[in-house]
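Every number in this text was worked out from the coordinates using simple rules, so none of it is lab data. The structure presented is a predicted model; accordingly, all values stated were derived computationally and were not measured. Positions of Cβ are generated from backbone atoms using ideal geometry, with glycine treated the same way; all protein chains shown enter the neighbour counts.
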Amino acid sequence: MTDTAASVRLPATALDGSADLGTAVEAARRSGSRVLPELLAKHLLRERGVPTPRGTAVVSPEEGRTAVGWLTAPYVLKVISPTVVHKSDLGGVRVGLADADEVAGEITAMEQRLQEAGHDVDGFLIEELAPAGQEIVVGAVREPGLGFVLMLGLGGVFVEVLRDVTFRLCPITRGDVVEMLGELRGRSLLDGVRGAPAADVDALVDVVVAIGGADGLLANLPPDVVEVDLNPVIVAPRGAAVVDARLVISRDPAPEAAVHRAPEPTDFCALLTPKTVAVVGASARGTTPANLYIRNLRAFGYHGDIYPVHPTADLIEGLPASRSLGETPTPVDYAYVAVAAASVPGTLAAADGRVRFAQVISSGFGETPEGADLERQLVAAAEQAGVRLLGPNCLGTHSPHGRVTFVDRSPSEPGSVGVISQSGGLSVDILRLGQERGLRFSGVVSLGNGADVSPAELLTHFLDDPATGVVALYLESLAEGRRVLDVLRSRPVDKPVVLLAGGRTASGARAALSHTGALAGNHLLWPALARQAGLVLVDTLSQLVDALLAFQQEALGTRSTGTDVVLFGNGGGTSVLATDALERVGLQVPNLPEETVAALRALGLPPGTSLVNPLDAPAWTLAVDDGQVAERILSAVLDTSSPAAVISHLNVGIIMSNTATAESDVMAGLIDSIARARDRSRHQSHHLLVLRSDGNPAVERHVQAYRERALQSGLPVFGELVDAASAAAALLLHERVQARRAQR
Ligand code: ADP
Ligand code: MG
């Protein structure tokens, strides 16, 4: 042993790759390190059938010489050090050493270099050189409430620079891995570019499933391990091997996993069609939100019993009041509770088995750190009293069928859209904007903090509810998203579920000890979750409402796995921009078949009408036969081809001023004839209508009236082509998801 090597100290866990994981975690914690020995990580991988290079740990040049005796050249030398995280950044990796002399020499040199730079050197790892190939990164981070999230991407030392990575929640399947690979910009590198041989993708898929699959490495790691970085996994023309493995443990020992009380399956009918409603918080003299609630309820035509609850008053809003939820004339289906936070637990405790659902509007609970304790008391009181709790910190429940609502001037016609919102304010926005754009609701429930009833539970209700055809979710918590994913995976689903997610910024990513931890931001996790759950993810409130409208109006099937769109309407530049917008959401405006062009030519349309897709028809063409020409044009297209969707767009101001002298209402004629063409091909292609305004108040009023007319005939109507493009993308995405589900 040389003098320098005498200073090397190698902990038992680093030497012995087969050391017990628990012992290794303890040893790391004692030494203040958060990274487990590479050799141990590789041992765990081999136990799961994942190939790693053969290797061993040594502490001196002499041991290095001996070790190479049972390894095959060339060799790789790596430092084992608690202070060196990214080894190659500090010269702690030498690749391609030819023989024992080179290994021994490099051990001496590397040790001296690193110690001079102030690093602790515990020893060295000598391993065989893996066959050359494409470097891939496979990683995972444990997220609270989510479990492990797996990352796959282009690997090597530039992972954070390239950021060509994609995520899935564990466990993952082979199908997930294939999909993930397809999402990488650099996917073609695996197929072999510029003369490089193709990589063994099957072997890579095997490795990823062995890591993140149902019984993979991740599923078997103790809770202390919070980050995993396998970078790189080298995928050769034959086989794949993990050549660097880092397991990172949490700063503090993992707490005992909280036992989640899985709620009994709940029948939410009493929530959405309550026979009795109690209102806590209305005043005998003033006007509180609870007074307004009673007035809205009556204005909305609620015909069950309303029981105001008040400690002293006898009459509230002209109704006899009860002293507590325990003293109402009959048991209560639904209680609306809007009193000071501190008195809410006591209010619910008094219910004592006589209230099925209580929606707590009051804030001052878990949404702030100071209220966390009170929220725990509230949940305990509700559980004790046998009440299912909605909220706290929410706004209410709207159900046209049950004639209950929490907003004034709310849409009373029952419909097929079910809405679950983690935000109260946003549920009102969805109601209001949705009403304007033609949505009709089967139910809207705001859950606020969601201390008891979860979005996932209500999702189950809406999926089972025959009146509901499409479900909207507004979520702010990935953990709730995980529960939604679990629901959607555990049962057959045919209804579309549209997700608007708040908190989609990169801020979820943290200063981490792994590449994966540094890259796993919420902006990447939400799309991963949506993809796995088969959710339609939208970016804005407006897109949410438009997607819901498309699903409400359109018959759904699994027919269209295509992405072809035919555009028809007036405005050349508008069509060009629309083509771009469609491309951005993954749809195309392809050339029409010869047969279609011939059929269009045979119509003898006025000059200036294009016979190619997009079908530009100037206002004078649209005026032919008082607008009936639209049916002939669309039928010519639909009789000879099957696009996934047809988007018709009408510039209302232009058409109206061009046809001002016409005897009949050309706009109405156009809408009716588009609707007839739609009726003939309803199960073949989707039909969307854009009614464009120029902002002039008079034109706006006309647009609103024509929009009503089009909605009546069943067409989904949008304000601009970009809106129709994203709604069409939503429809077609859902049908692709359905086709995928049908295959399983
Ligand atoms: P770092 O801590 O810097 O990530 P690695 O163990 O990943 O260190 O080694 C750095 C690089 O060296 C890897 O990205 C890979 O290209 C190469 N390498 C490491 N080990 C091997 C091996 N056994 N066979 C082939 N190449 C290797
Ligand atoms: Mg590495």
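What the table below lists for this structure:
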item: Where only alpha carbons of the chain are counted, the Rg and the Dmax (Å); result: 32.1, 105
item: Inter-probe distance in nm under a simple model that places probes 7 Å from Cα toward Cβ, at residue 108 and residue 160; result: 3.6
item: Binned Cα-Cα distance frequencies in segment 347-504 - 10 Å width, integer %; result: 11, 39, 36, 14, 0
item: Electrostatic dipole magnitude of the chain [Cβ: Lys, Arg +1; Asp, Glu -1; Cα centre; debye, to 20]; result: 1300
item: Residue 70/residue 490 FRET efficiency (R0 30 Å; Cβ-Cβ; nearest 0.05); result: 0.05
item: Where GluC sites (Glu not before Pro) fall in DSSP loop in segment 331-389, at most 16 other Cβ within 10 Å; result: 367
item: Relative contact order (%) - criterion: Cα under 8 Å, at least six apart; region: segment 553-684; result: 33
item: Gap separating the Cα centres of segment 383-398 and segment 299-340, nearest whole Å; result: 16
item: Charge dipole magnitude, Cβ of K and R +1, D and E -1 - segment 134-249, Cα centre, debye nearest 20; result: 200
item: 23 Å tail of the calculated P(r), segment 411-553, as % of Cα pairs; result: 32
item: Pairwise label distance in nanometres, residue 116 with residue 663, each label 7 Å out on the Cα-Cβ vector; result: 10.1
item: Rh (Kirkwood; distinct C-alpha pairs) - segment 337-435, Å; result: 14.5
item: For the chain, calculated [θ]222 nm from helices alone, where every DSSP H run of n ≥ 4 adds -39500 (n - 2.57); result: -11000 deg cm²/dmol
item: For segment 622-681, alpha-carbon Rg relative to the globular expectation (2.2 N^0.38 Å, N residues); result: 1.15
item: Contour excess over end-to-end distance, with Cα ends at residue 314 and residue 708 and 0.36 nm allotted per residue; result: 137.2 nm
item: Extension gain, residue 352 back to residue 412 (0.36 nm per residue minus Cα-Cα distance, nm); result: 18.3 nm
item: Translational diffusion coefficient (Stokes-Einstein; Kirkwood radius from C-alpha pairs) of segment 266-393 at 25 °C, 0.890 mPa s, in µm²/s; result: 170
item: At q = 0.19, 0.22 Å⁻¹, base-10 log of I(q)/I(0) for segment 121-247 (Debye sum, equal scatterers on each alpha carbon); result: -1.06, -1.36
item: Debye intensity ratio I(q)/I(0), log10, segment 590-744, q values 0.14 Å⁻¹ (C-alpha model); result: -0.70
item: J(HN,Hα) series, segment 154-164, from Karplus relation 6.51 cos²θ - 1.76 cosθ + 1.60, nearest Hz, glycine and proline x; result: 6, x, x, 7, 9, 3, 5, 6, 6, 6, 9
item: For segment 307-435: relative contact order, % (alpha-carbon pairs under 8 angstrom, 6 or more apart); result: 17
item: Residue 602 versus residue 178: modelled label distance in nm, points set 7 Å from Cα along the beta carbon direction; result: 4.2
item: Length added when fully stretched, residue 367-residue 696, from 0.36 nm per residue minus Cα-Cα; result: 114.1 nm
